[in-house]
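Input: a single structure, listed below in structure tokens.
Each reported figure results from applying straightforward, stated rules to the coordinates on display, with no laboratory input. Everything numeric here is computed off the predicted structure, so don't read it as measured data. Glycine gets a Cβ as well: all are built from the backbone with ideal geometry, and neighbour counts include every protein chain shown.
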Amino acid sequence: MTAATPTSAAPAARTAARPVRLRTPRRRPHSADRPRRSVLLTVLTGVVLVYSLVPLVWLVVNATKTQPDLFDSFGLWFGGEFALVDNVVQTLTYDDGIFVRWLGNTLLYVVVGAGGATFLAVMGGYALAKFDFPGKRGVFATVIGAVAVPGTALAVPTFLMFSQMGLTNTPWAVIIPSLISPFGLYLMWVYAAESVPQELLEAARVDGASEARTFFQVSLPLLAPGIVTVLLFTMVATWNNYFLPLIMLKDPDWYPLTLGLNAWNAQAATAGGQAIFNLVITGAVLTILPLVIAFLFLQRYWQSGLAAGSVKE
């Protein structure tokens with residue numbers, strides 16, 4: 001009995017030394033931890049969604065109709081004949097293919113105007129964010145004031161100035177004003193101040209990098225989301241620009257798409273004019289396609305650019 005005691009006591013000692021695992025009760029999600037659902041917000045979001053999609057659906061559906069079907073069928077449903085291909089062909093070939101000329105003009109204004117505005121906004125915003133110089137506060141006040149002034153308020157003074165310079169009725173009358181984007185400059189200023197650490201620039205300068213090399217190899221990759229955001233804003237503004245070309249251009253050969261489609265739409269009201277509403281609608285569909293494609297391909301950069309600087313660590 002005495003010899004058997006250590007043998008039987010060993011398992012008991014090991015059992016006592018083993019840590020006891022306690023079961024933690026499963027925590028039921030509290031109502032405060034669950035995402036709140038608002039019926040009113042859901043309804044308002046649905047109303048905004050319908051409000052945004054119905055005009056687009058109407059545009060696409062009616063682009064498949066012939067001229068008589070536009071007036072004889074329901075607006076949000078297809079007509080008796082599916083004429084989308086015929087409408088596209090007629091749009092591209094009507095009046096010796098003037099629509100293609102208008103499309104080329106719009107691309108020219110966007111590439112040179114919006115591209116130049118983005119370049120100037122990036123360079124100016126980076127300089128204002130990372131360099132100190134006399135008069136910086138004055139520049140800031142000027143930029144903020146320029147953002148608050150609508151573009152239509154400057155259209156007439158711009159026309160008078162360009163008229164004195166002999167630049168009206170030329171592509172430069174649309175391109176040069178498009179090069180200035182106060183909102184893009186302000187956006188790049190804020191984005192560069194938040195996304196490019198000053199310590200990184202100092203390290204590049206200590207390593208002997210020039211300011212140009214520091215900008216292109218260090219800062220530019222960090223500014224990519226903001227650059228895409230500014231590019232999208234300026235591209236949409238230039239693509240949809242209507243009032244400035246309206247007062248600057250008289251020659252239809254230099255019209256952008258917005259002005260050209262309006263001329264087609266007003267053609268039915270002129271004496272002896274031909275109503276081509278089906279071509280106007282089809283041309284509008286062709287006009288918005290490049291913007292839709294650009295947003296789909298650059299959406300993630302656009303969203304990240306808008307959210308930059310919204311959270312401070």
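Annotations for the structure displayed:
- Cα gyration tensor of the stretch 94-307 - equivalent ellipsoid semi-axes, whole Å, descending: 39, 20, 13
- Computed over neighbours whose Cβ is under 15 Å from that of Trp102, the net charge equals -2, Lys and Arg +1, Asp and Glu -1.
- Applying the criteria of a DSSP loop state and at most 10 other Cβ atoms within 10 Å to the chymotrypsin sites (Phe, Trp or Tyr not before Pro) of the stretch 144-191 yields no site.
- With coordinates expressed along the principal axes, the C-alpha atoms belonging to the stretch 93-144 extend over 56, 17, 11 Å, beginning with the largest.
- Projected label distance in nm at Val39 and Val292, using a 7 Å step from Cα toward the beta-carbon: 3.5
- Net charge of the neighbourhood of Val280, taken over other residues with C-beta under 14 Å away and scored Lys/Arg +1, Asp/Glu -1, is 0.
- FRET efficiency, Ile180 to Leu92 (Cβ-Cβ, R0 41 Å, nearest 0.05): 0.75
- Rounded FRET efficiency, nearest 0.05, which uses the C-beta distance separating Val48 from Asp251 and R0 of 45 Å: 0.65
- Virtual spin-label span in nm between Thr152 and Val100, 7 Å along Cα→Cβ: 3.5
- Reach of Lys65 by Cα under 15 Å, taken over aspartates and glutamates that are not fewer than 8 positions away in the same chain: Glu81, Asp86
- Neighbour counts of C-beta atoms inside 10 Å place Trp77, Trp254 in the sequence Trp77, Trp254, starting with the fewest.
- Applying 0.36 nm per residue to the separation of Thr142 and Tyr242 and subtracting their alpha-carbon distance, the gain on full extension is 33.4 nm.
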